[in-house]
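Below: the structure, in structure tokens.
Here, each number is a calculation from the coordinates, and none is a lab measurement. Source: prediction; values computed, not measured. With ideal geometry, Cβ positions are generated from the backbone for all residues, glycine too; neighbour counts draw on all protein chains shown.
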Amino acid sequence: MEFVNVKEALRYLVDLSQAKKIEVDGQLATTDQVQELFHETLVNVADLLGHEDVYLNK
């Protein structure tokens, strides 16, 4: 999921962190899938803020 601004991404992360049940492709999400959802969104936030170095380890 791509976000156009940080506020949308943060709202998504808050909702995701409070979810009682997360489904991916109609199935209950695994821990790895939930971690990937968080990771992808955090990478998007870093990109929006111009801080790609955070995840590129520069």
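Tabulated data
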quantity	calculated
Filtered trypsin sites (Lys or Arg not before Pro), the stretch 1-51: DSSP coil and at most 14 other beta carbons within 10 Å	LYS20, LYS21
Among 25-31, 45-51, the order from most to least packed when residues are scored by Cβ within 10 Å on average	45-51, 25-31
Alpha-carbon radius of gyration plus Dmax, which is the widest Cα pair, for the stretch 1-47 in Å	10.8, 29
Computed [θ] at 222 nm, helices only, for the chain once each DSSP H run of length n ≥ 4 contributes -39500 (n - 2.57)	-18500 deg cm²/dmol
Net charge dipole size for the chain [Lys, Arg +1 and Asp, Glu -1 on Cβ; Debye, nearest 20]	280 debye
Percentage relative contact order, the chain, counting C-alpha pairs under 8 Å, at least six apart	42 percent
